[in-house]
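Trainee: Would you mind keeping the following structure in view while I ask a few things?
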Amino acid sequence: MAKITTSQEFTREEVGLALRNPGMPLEGLRYPITPIGMHYLLIHFDIPFLDPTTYELTIGGRVRDPLRLTLDELKARPMVTMPVMMECAGIGRAYLSPRPISAPWHNEAIGCAEWTGTPLRPILEEAGLLEDAVEILFTGHDRGIDQDVEQNYERSLPLDEALRDEVILAYGMNGGPLPLQHGSPLRLVVPEWYGMTSVKWLKSIRAISEPFEGVQQAVLYHYRQSEEDPGTPVTRKNPHALMVPPGIPNYLSRTRHVRVGPTLVEGRAWSGWGSVERVEFSSDGGRTWGEAELGEPVGHYAWVRWSYEWDVREPGEYELCVRATDAAGKTQAVDETEAWNVGGYGVNVVQRVPLSVS
Ligand SMILES: Nc1nc2c(c(=O)[nH]1)N[C@H]1C(S)=C(S)[C@@H](COP(=O)(O)O)O[C@H]1N2
Ligand SMILES: [Mo]
């Protein structure tokens with residue numbers, strides 16, 4: 001089972017993790033495609049030092065014809081470019097009580113980049129999956145120790161998920177080369193799932209005949225109600241809406257200040273379980289809700305813009321909230337106790353923005 005440390009105060013380890021793994025400033029929600037450098041980062045171990053000129057990806061395991069592909073060979077294959085919204089499964093963890101000690105994300109573990117690469121499926125078909133293959137295992141070059149186990153960062157996908165047409169091996173981001181910190185020379189991009197699935201710095205892809213039981217698969221990334229609970233695996237992104245905090249901030253508290261009158265509140269919403277059907281806005285801490293207007297989605301696997309014309313007449317203290325509901329009928333928890341789980345995964349509790357009007 002996962003060993004999870006909890007704390008009320010932020011620890012030195014959490015501050016260290018937060019500095020290594022920056023989030024997207026929420027004003028970045030204004031851009032349909034997150035500019036390079038604003039997209040969040042999550043790097044468990046160290047960024048590996050790799051030479052793209054000698055780089056090779058191996059495809060093996062339970063396949064008929066194992067393959068080795070250089071970066072040039074990968075780039076010569078059919079090319080696709082698509083916007084994919086990515087979110088770390090640890091988002092919202094810092095709001096939980098007790099709080100698991102890991103990357104202390106609040107709301108900023110997000111980004112929507114335009115990824116360029118080649119589809120995975122034809123490569124697996126070329127290698128020829130054997131009858132007994134049940135999962136595809138993706139292994140990164142980065143290595144470290146977690147849960148007392150030395151490991152390369154690696155995760156698997158069931159065959160039907162790995163064979164989805166939109167699963168790609170990416171070597172480009174936002175029209176340029178893939179930045180080192182985002183997985184250069186090559187990373188996996190799996191739309192709709194939380195970010196841990198999209199393995200960076202790919203070393204090998206292997207078809208396996210038994211479900212993968214590694215730390216990042218079987219121990220971490222489970223929704224557990226207690227440390228003994230076997231739990232359920234974390235997979236697709238829960239519905240989530242976030243807003244650009246309106247007005248101007250207080251430097252330290254981040255409390256917002258706006259003037260009496262009309263204020264356009266805007267943001268983005270997404271879900272890995274179907275399109276976002278509805279976004280609601282509240283200016284009274286979630287007691288009453290109004291319908292926000294939805295824009296055109298940036299892409300099938302991207303996010304959708306929403307906006308709300310808030311006409312505030314009374315000076316005073318407010319708390320702004322926003323929540324999304326998707327085509328599967330899933331929505332967001334209003335209270336963080338509803339979203340609590342041992343590892344602090346998939347926490348999509350509604351954003352709360354304290355604001356004073358004068
Ligand atoms: N090899 C490797 N791949 C990885 C990780 C990692 O630490 N090593 N982190 C994962 C997690 S938890 C997330 S949320 C995403 C983050 O991708 P980004 O840093 O490009 O935003 O990468 C995933 N892929
Ligand atoms: Mo993550």
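Values in this text are rule-based calculations from the coordinates and carry no lab data. Just so you know, these numbers come straight off a predicted model, no measurement behind them. Positions of Cβ are generated from backbone atoms using ideal geometry, with glycine treated the same way; all protein chains shown enter the neighbour counts.
Trainee: Kindly work out what percent of the DSSP beta bridges joining two residues of the range 12-233 are antiparallel, to the nearest 5.
Mentor: 90
Trainee: As a footprinting exposure proxy, order H44, H300 by other Cβ within 10 Å, with the fewest listed first.
Mentor: H300, H44
Trainee: Counting other Cβ atoms within 10 Å of each Cβ, which GluC sites (Glu not before Pro) in the range 225-276 have at most 15 and sit in a DSSP loop?
Mentor: Those satisfying the criteria are E227, E228.
Trainee: Pop a pseudo-label 7 angstrom from the Cα along the beta-carbon direction at both S356 and L180 and give the gap in nm to one decimal.
Mentor: Each label point lies 7 Å from its Cα, and together they span 4.4 nm.
Trainee: Give me, ordered by chain and number, the residues 5 or more places off V199 or on other chains with an amide H under 5 Å from its own placed amide H.
Mentor: L188
Trainee: Then there's this: Put a dot 7 Å past each Cα toward the Cβ at L264 and T337; how far apart are the dots in nm?
Mentor: The modelled label-to-label distance comes out at 4.0 nm.
Trainee: At what distance in nm do the modelled label points of Q147 and R30 sit from each other, each positioned 7 Å from its Cα along Cα→Cβ?
Mentor: With each label placed 7 Å out from Cα toward Cβ, I get 4.2 nm.
Trainee: Shifting gears a bit: Per DSSP helix of 4 or more residues, -39500 (n - 2.57); summed, then divided by the residues of the chain. What does that give at 222 nm, rounded to the nearest 500?
Mentor: -2000 deg cm²/dmol
Trainee: Of all beta bridges DSSP finds with both residues in the range 240-357, what is the antiparallel percent, to the nearest 5?
Mentor: In the range 240-357, DSSP labels about 90 percent of beta bridges as antiparallel.
Trainee: Per residue of the range 278-289, in order, report the coupling 6.51 cos²θ - 1.76 cosθ + 1.60 (Karplus, θ = phi - 60°) as ³J(HN,Hα) in whole Hz, putting x for Gly and Pro.
Mentor: 7, 10, 10, 10, 10, 10, 10, x, x, 6, 10, 10
Trainee: Under 5 Å between amide hydrogens, which residues at least 5 positions from Y223 or on another chain qualify, with H placed 1.01 Å from N in the peptide plane?
Mentor: Placed amide hydrogens put T232, V234 under 5 Å from Y223.
Trainee: Here is a further query. Using a 10 Å cut-off around each Cβ, can you sort R12, R187 from fewest to most neighbouring Cβ atoms?
Mentor: Fewest-to-most ranking of R12, R187: R12, R187.
Trainee: Between G172 and residues 5 or more places away or on another chain, which pairs have amide H atoms under 5 Å apart, with H built 1.01 Å from N, and which residues are they?
Mentor: HN-HN under 5 Å from G172: T116, L178.
Trainee: Then there's this: Among the DSSP beta bridges whose two residues both lie in the range 1-115, what percent are antiparallel, rounded to the nearest 5?
Mentor: Once the DSSP bridges in the range 1-115 are tallied, antiparallel ones form about 100 percent.
Trainee: Counting only C-alpha contacts under 8 Å and six or more residues apart, can you give the relative contact order of the range 119-205 as a whole percent?
Mentor: Here the relative contact order equals 32 percent.
Trainee: Right, something else. Between S209 and L130, 0.36 nm times their residue separation minus their Cα-Cα distance comes to what?
Mentor: 27.5 nm
Trainee: Explain nothing, just compute: Karplus ³J(HN,Hα) = 6.51 cos²θ - 1.76 cosθ + 1.60, θ = phi - 60°, for every residue of the range 199-205 in order, whole Hz, x for Gly and Pro.
Mentor: Once rounded to whole Hz, the list reads 5, 8, 6, 4, 9, 8, 10.
Trainee: Based on the Kirkwood radius over alpha-carbon pairs, what is the Stokes-Einstein translational diffusion coefficient of the chain at 4 °C with 1.567 mPa s viscosity, in µm²/s?
Mentor: 61
Trainee: Could you work out Rg/(2.2 N^0.38 Å) for the range 240-357, with Rg from alpha carbons only?
Mentor: Output field value: 1.08.
Trainee: Of the cross-linked pairs K237/K330; K200/K330; K75/K237, which ones have a Cα-Cα span greater than 19 Å in the structure shown?
Mentor: The answer is K200/K330; K75/K237.
Trainee: So if I place +1 on the C-beta of Lys and Arg and -1 on the C-beta of Asp and Glu, and nothing else carries charge, what would the dipole magnitude of the chain be about its Cα centre? I want it in debye, nearest 20.
Mentor: About 640 debye.
Trainee: Same structure, new question: Could you go through the range 186-197 in sequence order and give the Karplus-derived ³J(HN,Hα) for each residue, using 6.51 cos²θ - 1.76 cosθ + 1.60 with θ = phi - 60°, rounded to whole Hz, and x for Gly and Pro?
Mentor: 8, 9, 7, 10, 10, x, 6, 8, 4, x, 4, 6
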